[in-house]
1. Quick one: in region 13-28, of everything that is of a type outside the set (S, T, N, Q) and under 11 Å from the mean Cα position of the chain (by Cα), which residue is surrounded by the fewest Cβ atoms within 10 Å (Cβ to Cβ)?
2. What pairs can you find where one residue is in region 1-29 and under 19 Å from Lys85 (Cβ atoms), the other is of a type in the set (Gly, Ala, Ser), and their Cβ atoms are less than 8 Å apart, with a gap of 6+ or different chains?
3. How do the helices (runs of 4 or more DSSP H) wholly within region 1-70 filter down when requiring 3 or more residues that are modelled with pLDDT under 95 and among the aliphatic types (A, V, I, L, M): which remain?
4. Name the single residue that is nearest to Ile29 (Cα to Cα) among those in region 71-86 being part of a helix (DSSP H, G or I) and hydrophobic (A, V, I, L, M, F, W, C).
5. Of all residues in region 66-89 being without any contact (Cβ under 8 Å) to a residue 24 or more places away in the chain and not aliphatic (A, V, I, L, M), which is nearest to Lys15 (Cα to Cα)?
Amino acid sequence: MQANFNLELPKEFEKQLQQSVINVVTNTIDSLSGDSKYPEYMDKSQCSTYLNISRSTFDKWLRTENIPFVLINGSYRFKRSEIDKFMLAKQK
């Protein structure tokens, strides 16, 4: 016997579930792509190249889009998997 039913999820739960799936997929891809030509932690130039945008556009996004970063002694570092998550979250 097979039961069929429709389940409507609250929007907030749906959004959390979507983010969880994105995190799992991103982490899986990141673990499989250990041979990437981009290091796990990138500087601004590497990150802008990784995103295929100009350095000035990257600097603008850094000021306006809450790109995740680590700042150590004035040096920005961007974790590749966090940049991937950031970009996935911006998808419409």
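1. Within region 13-28, the subset of a type outside the set (S, T, N, Q) is 13-15, 17, 21-22, 24-25.
Applying the additional criterion that residues be under 11 Å from the mean Cα position of the chain (by Cα) yields 22, 25.
Numbers: Ile22: 15, Val25: 13.
Only one residue fits best here, namely Val25.
2. Gln19/Ala89; Ile22/Ala89; Thr26/Ser81; Asn27/Ser81
3. On the way: elements: 11-32, 44-50, 55-64.
It comes to 11-32.
4. Ile83
5. Taking region 66-89 and keeping what is without any contact (Cβ under 8 Å) to a residue 24 or more places away in the chain, we get 66-69, 71-74, 82, 86.
Checking which are not aliphatic (A, V, I, L, M) leaves us with 66, 68-69, 73-74, 82, 86.
Numbers: Asn66: 19, Pro68: 20, Phe69: 23, Asn73: 36, Gly74: 35, Glu82: 18, Phe86: 15 Å.
Among those residues, the one meeting the criterion is Phe86.
Residue-wise test of (1) exposed (fewer than 11 other Cβ atoms within 10 Å of the Cβ); (2) within 17 Å of the chain's Cα centre (by Cα); (3) not polar (S, T, N, Q).
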position	(1), (2), (3)
Lys11	yes, no, yes
Tyr38	no, yes, yes
Asp43	no, yes, yes
Ser56	yes, no, no
Pro68	no, yes, yes
Asn73	yes, no, no
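The values are calculated or read from the model by the stated rules, or taken from the named source; none is laboratory data. As the structure is a prediction and not an experimental result, all values here were calculated from the model. Reconstructed Cβ throughout: ideal geometry from the backbone, glycine too, with neighbour counts over all protein chains shown.
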